Amino acid sequence: MQKLILIALTLAASPAFAADGPFLSLRNTNLIVLLAFILFVMILLWVKVPGKIGAMLDARAAQIKAELEEARALREEAKTILASYERKQKEVAEQAAQIVSAAKLEAETAAAQAKLDLKTSIARRLAAAEERIASAEAGAIRQVRERAVDVAVAAAADVLAKQSSAETAAASIDAAIAEVGAKLH
């Protein structure tokens with residue numbers, strides 16, 4: 001119970017109850033504080049502090065607004081630059097794809113040309129080999145014919161030598177000379 005009374009007295013004790021005497025007396029601290037506060041507010045109004053505070057707040061608001069506008073402008077510029085870079089990246093990707101497809105096409109063309117050149121080279125080599133074979137064959141046939149002619153001439157000479165006598169040989173020489181003479185004139 002004593003604690004409740006102590007708490008009630010503590011709450012009831014306020015500065016207004018501390019002043020004693022009439023309110024409109026210079027000994028009343030409440031009146032002095034009120035007069036000082038009114039004087040302070042009047043000095044603030046006379047020096048135009050609320051206007052200055054308002055001007056400072058307006059200037060700060062304008063500065064914040066300008067910063068916000070600058071931030072918006074920077075954001076728009078960043079969006080524009082980002083879109084530009086994305087467009088450039090897309091163009092570069094398209095160019096890279098075109099270069100790759102052109103390189104593939106060029107490689108395929110080069111491979112086809114190489115195959116064609118290889119076929120042409122093989123055909124030329126085959127033709128050259130067939131020509132060499134034909135030339136060697138013709139040379140072999142010529143050699144066989146020459147050898148056959150040599151053998152035939154030798155065989156004919158042997159046969160003529162066995163069958164002919166001196167008179168027959170002289171007559172055949174004369175006939176050959178006459179034939180050559182007739183063909184030359």
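Values quoted throughout were computed directly from the atomic coordinates according to the rules given, and no laboratory measurement underlies them. Remember, predicted model here, so these are calculated numbers, not experimental data. All Cβ positions, even for glycine, are placed from backbone atoms using ideal geometry, and neighbour counts span all protein chains on display.
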For Rg and Dmax of the Cα atoms in Å, the choices are (i) 23.2, 76; (ii) 16.7, 54; (iii) 67.8, 200; which was calculated from the structure? (iii)
Using 7 Å Cα-to-Cβ label points, what is the Glu106/Ala154 separation (nm, one decimal)? 7.0 nm
Starting from the Cα of Lys52, draw a straight line to each of the lysines and keep only those under 25 Å, dropping any in the same chain fewer than 8 residues away. Lys65
Could the peptides 52-64, 25-37 be put in order, highest first, of the mean number of other beta-carbon atoms found within 10 Å of their residues? 25-37, 52-64
Kyte-Doolittle at least 1.6, axis length at least 24 Å by Cα - qualifying DSSP helices, the chain: 29-46
Which value, in debye to the nearest 20, gives the size of the charge dipole of the chain about its Cα centre, when Lys and Arg are +1 and Asp and Glu are -1 at the Cβ? 1620 debye
For region 57-125, size of Cβ-based charge dipole, Lys and Arg +1, Asp and Glu -1, in debye: 660 debye
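So what is the 222 nm mean residue ellipticity for the chain from helices alone, if each DSSP H run of at least 4 adds -39500 (n - 2.57) and you divide by all residues, rounding to the nearest 500 deg cm²/dmol?
Helices in the chain give a 222 nm mean residue ellipticity of -33000 deg cm²/dmol.
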